[in-house]
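Trainee: Just dropping this structure here.
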Amino acid sequence: MRLKNSQYQAIMRSYEQKQLKSNDILNRHFEEVYKQLPEFKTLDESISILSVQYGKKLLNGDDSAVASLKKELAILRSRKEELLKSAGFPAKYLEPVYECNDCKDTGYINGQKCHCFKKAVSKLLYSQSNLSEVLSLENFDTFSTDYYSENFIDPKSGRSAREVIEEAYRVCLEFAQTFGTEYNNLFLYGDVGVGKTFLSNCIAQNLIEAGFSVLYFSAPALFNTLAHHAFDKNDADAHNMHEFIYDCDLLIIDDLGTEYTNSFVSSQFFSCINERLLNRHSTVISTNLSLDALADLYTERLFSRITSNYILLKIIGDDIRIKKKLQNREDEL
């Protein structure tokens, strides 16, 4: 998955619409004030005339023009503030209204993409995939422990599948609720169909609603995108997505271990994980691999990074997908 140029342009058009909307609101405010306070409009015209006059003086070598202009402008602006206040208008009524005051609805701050731009990318990618619909079905409100048996016991810990999932749910919920104030990473592992992806979706839905930028990748799609960027530096789409992979608030990597693994993939994976750790950007990883298999498949330093910096949640139980299919068949009979 790459951020296509058409997607980038769609986001930029949305910023243009925000700026037009802000400009329309400001123009209506000025019209309202001018209509109710004719003197206010006269003061604005006087400021324009003064600026031109003193500009000419400055060009003609009058060095005192700037100081004189500032003094007279201060008097006129003070009078404007008094008029607005006396008429009952808010103090900032004639200032632009932005959805994002940080970038002033441009999407950029000093040439760098604003946090609101990253959020817009996240929402666009989710809305243009089937993931948006998935999140409406798989979230903390719809999560159920009914599919986890108290009789399914983990021989190593002696805990039941129900006990394990209740703790995993609590940890994931706390992860989402404290996101932005506490820094954590999650590593969800266990057999196929035990709810790892469901929990990841719960977190994604919660954080997207809270305004954070979230990117979801299956492991093969992630490494495909990283490869595009590594081997074709002129691919603008891959470059944009590579940037968001490293900078988004939360990166979700699903089904780690299903990708074709080689030294390049391991190197790219380590670089991504390590960079996000250094910048304190959270990551959630889910896999069917055991910790032993993870250690065998990837490098020792990558294994060390994950086990040292992630909350490890092993989820056990029956395959819920099979349980649901069997239940649906019974309901149809």
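Trainee: Residue under question is S122, and the condition is that it be open to solvent by 30 Å² or more (accessible area, probe 1.4 Å), outside any loop (DSSP other than H, G, I, E, B) and of a type in the set (G, A, S); does it hold?
Mentor: Details: open to solvent by 30 Å² or more (accessible area, probe 1.4 Å): no; outside any loop (DSSP other than H, G, I, E, B): yes; of a type in the set (G, A, S): yes.
Judged against the criteria, S122 is not a match.
Trainee: Is one or more of the residues making up the range 171-181 touching a residue at least 24 places away in the same chain (Cβ under 8 Å) and of a type in the set (S, T, Y)? Even if it seems obvious, please write down each step before you answer.
Mentor: Step one: list which residues in the range 171-181 are touching a residue at least 24 places away in the same chain (Cβ under 8 Å), which gives 171-173, 175-177, 179-180.
From the residues that got through so far, the ones that are of a type in the set (S, T, Y) too are none.
No, because not a single residue in the range 171-181 is touching a residue at least 24 places away in the same chain (Cβ under 8 Å) and of a type in the set (S, T, Y).
Trainee: Based on what the data block shows, is K57 open to solvent by 40 Å² or more (accessible area, probe 1.4 Å) and at pLDDT below 90? Steps first, answer last, please.
Mentor: Details: open to solvent by 40 Å² or more (accessible area, probe 1.4 Å): yes; at pLDDT below 90: yes.
Yes.
Trainee: Scan the range 155-185 residue by residue and report those that are closer than 13 Å to L312 by Cβ and in contact with a Phe, Trp or Tyr (Cβ under 6 Å, 6 or more places away or on another chain).
Mentor: Passing the criteria: N184, N185.
Listed here are the residues, each with its yes/no results for (1) within 15 Å of L76 (Cα to Cα); (2) modelled with pLDDT under 90; (3) open to solvent by 60 Å² or more (accessible area, probe 1.4 Å).
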residue	(1), (2), (3)
R2	no, yes, yes
N5	no, yes, yes
Q17	no, no, yes
D24	no, no, yes
F30	no, no, no
F40	yes, yes, no
E45	yes, yes, yes
I49	yes, yes, yes
Q53	no, yes, yes
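Trainee: Next up: Give me the pairs, please: first residue somewhere in the range 252-280 and farther than 25 Å from D191 by Cα and of a type in the set (D, E, K, R), second residue anywhere and at pLDDT 95 or above and surrounded by fewer than 17 Cβ atoms within 10 Å (Cβ to Cβ), beta-carbon distance under 7 Å, and either six or more positions apart or on two chains.
Mentor: Close Cβ pairs satisfying both conditions: R280/Y183.
Trainee: Which residues, counting only those in the range 239-275, are open to solvent by less than 30 Å² (accessible area, probe 1.4 Å) and either over 23 Å from S290 (Cβ atoms) or of a type in the set (S, T, Y) (or both)?
Mentor: The answer is N240, M241, F244, I245, Y246, C248, L250, S266.
Trainee: Right, next: Quick check, is S136 open to solvent by 70 Å² or more (accessible area, probe 1.4 Å) and either outside any strand (DSSP E or B) or within 19 Å of L312 (Cα to Cα) (or both)? Spell out the reasoning first.
Mentor: Details: open to solvent by 70 Å² or more (accessible area, probe 1.4 Å): yes; either outside any strand (DSSP E or B) or within 19 Å of L312 (Cα to Cα) (or both): yes.
Yes; evaluated as a whole, the condition is true for this residue.
Trainee: Name the pairs whose Cβ atoms lie under 9 Å apart, with the first residue in the range 312-333 and farther than 17 Å from R162 by Cα, the second outside any loop (DSSP other than H, G, I, E, B) and at pLDDT 90 or above, and 6 or more positions between them or separate chains?
Mentor: L312/L186; L312/F187; L312/L188; L312/Y189; L312/L291; L312/I306
Trainee: List every residue pair whose Cβ atoms lie under 7 Å apart, where the two residues are 6 or more positions apart in sequence or sit on different chains, the first residue falls within the range 297-308 and is aromatic (F, W, Y), and the second residue, located anywhere, is surrounded by fewer than 17 Cβ atoms within 10 Å (Cβ to Cβ) and assigned to a helix (DSSP H, G or I).
Mentor: Y298/S266; F303/A295
Trainee: For K92, are the conditions met, namely being at pLDDT below 90 and buried (at least 16 other Cβ atoms within 10 Å of the Cβ)?
Mentor: Working: at pLDDT below 90: yes; buried (at least 16 other Cβ atoms within 10 Å of the Cβ): no.
No.
The values are calculated or read from the model by the stated rules, or taken from the named source; none is laboratory data. The shown structure was predicted, so the numbers you read here are calculated from the model rather than taken from an experiment. Please note: Cβ atoms are built from the backbone with ideal geometry, for glycine as well, and neighbour counts cover all protein chains shown. SASA here: full protein model, heavy atoms, side chains in, ligands and nucleic acids out. Shrake-Rupley method; radii C 1.70, N 1.55, O 1.52, S 1.80 Å.
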